[in-house]
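The values are calculated or read from the model by the stated rules, or taken from the named source; none is laboratory data. In this text the structure is predicted, and so the values were computed from the model without any measurement. Neighbour counts are summed over all protein chains in view; Cβ atoms, including those assigned to glycine, are modelled from backbone coordinates with ideal geometry. Accessible surface is based on the protein model in full, side chains and every heavy atom, while ligands, DNA and RNA are left aside. Shrake-Rupley method; radii C 1.70, N 1.55, O 1.52, S 1.80 Å.
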Amino acid sequence: MTELTPRTRQTTLGVKIAGMAVGATTLALALALALDEVGHLASSRSFGAGDIIVLVGIMSLSLSATALVAQLPESLKARFRRVPQSAPSKPVYGFVTLLAVGVGATLGSPLFILIPLNVVQYEFVSLLSLALAASLSVAMAKVYSDLGKEAKLRGADLVGGPSFAKMASGSRSVRYFISRVSMWVANTALAAYSKIVFLIFDFVFMPAVLKSNGLSSAEASIVVWAIALGFVGWTVLNILFEQRYLRALGALQILLTGVLVAMMVAHSLALGGTTGWNLSGLLALPAGTGWVPALVINTGYLYLLFFGFQEIQVLERDSFEASSIPVISWLKKGYRMGKTAYFELAMIWSVLIATVVNVLYAVSVYSAAKSVPSLASSCSESNCIPALYLVQHVLGRGQLLLVGAAFLIATATTFVPAFLAAARHLTALGEDGYMPSSLASLSWLFTLVAILLLALGNEGFLVDITDVMVLISLGIIAMAGFWVRRTAGRAWASRATAVAVALGCFLFGGAIYFVPGGASVVVFGCIAVIFAYLTFDIIELGTLGSQLFLSAFGLTCVVALALFAHSVYAGSILTEAARAAGTSPAGLLTAALVASSSFLAANVLIDVAVLHRTFAGGADGS
């Protein structure tokens, strides 16, 4: 290998440092453009060919910028290594804790927003949708259990449902990668949604609830800020000290979930009793067959109320190999159920308990709404909390405080499991070699930043994108039950169940397209899957191959932006930045694509011609 002269070495290093600076700048620009563009399109809920080209251009810019930021440490011999799998911590979770996690993650704030308006509008079809979504979740839990038994026989390590796709197709499989990324996106969006509604409820609606119960404005403000700081503290505790306080956090989850279920049952009984459980017309199906497609569409829309059960699988490493089961272990002294069996039981019972609470609440809302005919017309997701509106008109201030407390608890018990699950999904990608170990160790930070960025968007969009992405991921995971070669059990029965569940997931996920505004959400979901597929292929190309591809991809996007009419939506900061640069936001995107693509091409040329690196990796002769 020819030794580089000091001048050549300095020039090479200077170009790479400049490339890294350009990468950092264009990455910030790409994130700002993505945030503004997605927020605008999510609000307008309309798409055109120009919008898709702009999104692809922003996607290309973000990937190219990331590659530029990473190229300097790569050239300095940093390598993409697997993150060493975390040393197994001492198991502390058993059946009861897992059940509390599953129920708590399932009974979230959407319960108070989606169900009241949905049951008033769709009546019996709404109840059928809840039952159908619950049935799909129970069947999915069965698929998880079957795959869990197979994984135990193989000694496979599990981190959430996508691990089953990994077991069936291998860690370097696009099926596994897409299922893991989709689940990360879904959990991140759910956590962002929970954060939004928690803060909105706490600062906008909670003061009125507290004042109606006799507190002064100053006292209400103190309570509101105490709640907000408590939520932040609870989040920080889970992020930074989860492993240290696993047992205590599990016990607190059990307490909060138990209180939430008790509150919702008591509230539902009081709510339904206001009209003597007037359910006239509830069980009447609409005339004709138009209710059938409505059932499918509505089931996809309401599935968000049930998918929390799968968060249980993420805790596999922290759970006992065997656990006692309430009632059974009391009757049969010393009885302990194996991990695979009690995981299945916890997931199924999480769905069943959530179903009872959801259906009971839906029926009570239908009954109480008879005396509040203005619920559907006066209250939408954007200007009030339907559950609070109903209580204000039919129940006293005591119930208003109870619902307020239940709402906050439900949001907290959903946010933390969703956030931790998202972080663990990202860490798992690092363990499988899809990102540098230094970045994978900060998965919680990247997830937190993604949540904060998504939290600036539209709540309705986050609800729908969570539905779409989780159903895509669950569909792929369910298909793992068909792809995997089984070593025991009835293969034909398990495969048939897996295929049926997968088809149901894809059907209900696609049906969200027909929800008002759902077309843009499904397009976003498809773009996210394409983005994941593209990212996977780029990673598989290796460092130089990926840089060369991204350079060509960026220039192709520049040509597409020049040929097709488009407009780039930008907020005030980006608009001012573009004006200062003497261009428009669209011109800023084009210039950034040209700059990043040019530096990537220059970096490949330097690596090959000067540093004698090869596309197979490494330097010539080293």
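If you go through the stretch 363-386 one residue at a time, do you hit one that is under 23 Å from Ala100 (Cβ atoms), part of a helix (DSSP H, G or I) and among the aliphatic types (A, V, I, L, M)? The answer is no; no qualifying residue exists.
Screening the stretch 305-340 for residues that are hydroxyl-bearing (Ser, Thr, Tyr) and closer than 14 Å to Val96 by Cα and picking the one that is surrounded by the most Cβ atoms within 10 Å (Cβ to Cβ) gives Ser323.
Of all the listed residues (Ala586, Ala580, Ala552), the sole one being at pLDDT below 85 and open to solvent by 50 Å² or more (accessible area, probe 1.4 Å) is Ala580.
Restricting the stretch 286-304 to residues that are of a type in the set (Ser, Thr, Tyr) and in a helix (DSSP H, G or I) leaves a set whose member that is surrounded by the most Cβ atoms within 10 Å (Cβ to Cβ) is Tyr303.
Cβ separations smaller than 7 Å between residues 6+ apart or across chains give the following pairs from the stretch 519-530 residues that are part of a helix (DSSP H, G or I) to residues that are among the aromatic types (Phe, Trp, Tyr) and open to solvent by 40 Å² or more (accessible area, probe 1.4 Å): Ala519/Phe47; Ala519/Tyr513; Ser520/Phe47; Val522/Tyr513; Val523/Phe47. Within the stretch 164-201, the set of residues being polar (S, T, N, Q) and under 25 Å from Gly108 (Cα atoms) comprises Ser179, Ser182, Asn187, Thr188, Ser194. The selection criterion, being touching a residue at least 12 places away in the same chain (Cβ under 8 Å), open to solvent by less than 10 Å² (accessible area, probe 1.4 Å), in a helix (DSSP H, G or I) and within 16 Å of Ala186 (Cβ to Cβ), holds for Val468. Restricting attention to the stretch 235-277, the residues that are open to solvent by 30 Å² or more (accessible area, probe 1.4 Å) and within 25 Å of Thr97 (Cα to Cα) total 22. Taking the criterion of being open to solvent by less than 10 Å² (accessible area, probe 1.4 Å) and outside any helix (DSSP H, G or I), the residues of the stretch 98-133 that qualify are Leu107, Gly108, Ser109. Anything in the stretch 508-544 that is more than 30 Å from Val608 (Cβ to Cβ) and small (Gly, Ala, Ser)? List them, or say none. The answer is Gly509, Gly510, Ala511, Gly517, Gly518, Ala519, Ser520, Gly525, Ala528.
Of Leu544, Leu534, Leu503, which residue is modelled with pLDDT of 85 or more and more than 17 Å from the chain's Cα centre (by Cα)? Testing whether each residue is modelled with pLDDT of 85 or more and more than 17 Å from the chain's Cα centre (by Cα) leaves just Leu503. Considering the stretch 72-121, and only residues there that are farther than 26 Å from Ala341 by Cα and among the hydroxyl-bearing types (Ser, Thr, Tyr), the residue that is modelled with the highest pLDDT turns out to be Ser109.
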